[in-house]
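Notes follow once the structure below has been shown.
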Amino acid sequence: MSTEIRKSEAEWRAQLSPDQYHVLREAGTEPPFSGRYVNAKAGGTYRCAACGAELFRSDTKYDSRSGWPSFTEPAVAEAVELIEDRSHGMVRTEVRCRRCGSHLGHVFPDGPGPTGERYCINSLSLDLDEATSPAS
């Protein structure tokens, strides 16, 4: 994986909260229904909490009842990197920020709409920029 932003783990630790570091840099998962964006309805652009890259738009967010914010597609396909994940005895597709390499969540083939995908993303990996609300 080639990333645009390269920092030492010490630099990431200094920038991120301990919980964010665990999710973004150690591929952790926040507990279901605990994240600040699970039920968020505000319009805007969801950016990477580590580097600020534009990742998802609120008009693609939906209630999947999974316990994590869910989106049908990324704002820009090239903004994310998809990687096979065979951890925990499962085969899944991990979603990472292409700009900084941070773990965001996973994508599953059970979503609604034309893509049929559910991007299941940790709230701790996101920052909502309400100033960039998509046009209705």
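Identify all residues within the range 72-130 that are small (Gly, Ala, Ser) and either open to solvent by 20 Å² or more (accessible area, probe 1.4 Å) or not in a strand (DSSP E or B) (or both); write none if there are none. Correct list: Ala75, Ala77, Ala79, Ser87, Gly89, Gly101, Ser102, Gly111, Gly113, Gly116, Ser123, Ser125.
Among the residues making up the range 18-28, those that are open to solvent by less than 80 Å² (accessible area, probe 1.4 Å) and either in contact with a Gly (Cβ under 7 Å, 6 or more places away or on another chain) or in contact (Cβ under 8 Å) with a residue 40 or more places away in the chain (or both) are Gln20, Val23, Leu24, Arg25, Ala27, Gly28. List pairs: first in the range 30-49 and over 9 Å from Trp68 (Cα atoms), second acidic (Asp, Glu) and surrounded by 13 or more Cβ atoms within 10 Å (Cβ to Cβ), Cβ under 6 Å, 6+ apart or cross-chain? The qualifying pairs are Gly44/Asp129; Thr45/Glu54; Thr45/Asp129; Arg47/Glu54; Arg47/Asp127; Arg47/Asp129; Ala49/Asp127. Looking across the range 29-48, just one residue is at positive phi and surrounded by 19 or more Cβ atoms within 10 Å (Cβ to Cβ), and that is Gly44.
The values are calculated or read from the model by the stated rules, or taken from the named source; none is laboratory data. Remember, predicted model here, so these are calculated numbers, not experimental data. Backbone-built Cβ (ideal geometry, glycine too); neighbour counts: all protein chains shown. Quick note on the areas: whole protein, heavy atoms, side chains included, nothing else; ligands and nucleic acids left out. Shrake-Rupley method; radii C 1.70, N 1.55, O 1.52, S 1.80 Å.
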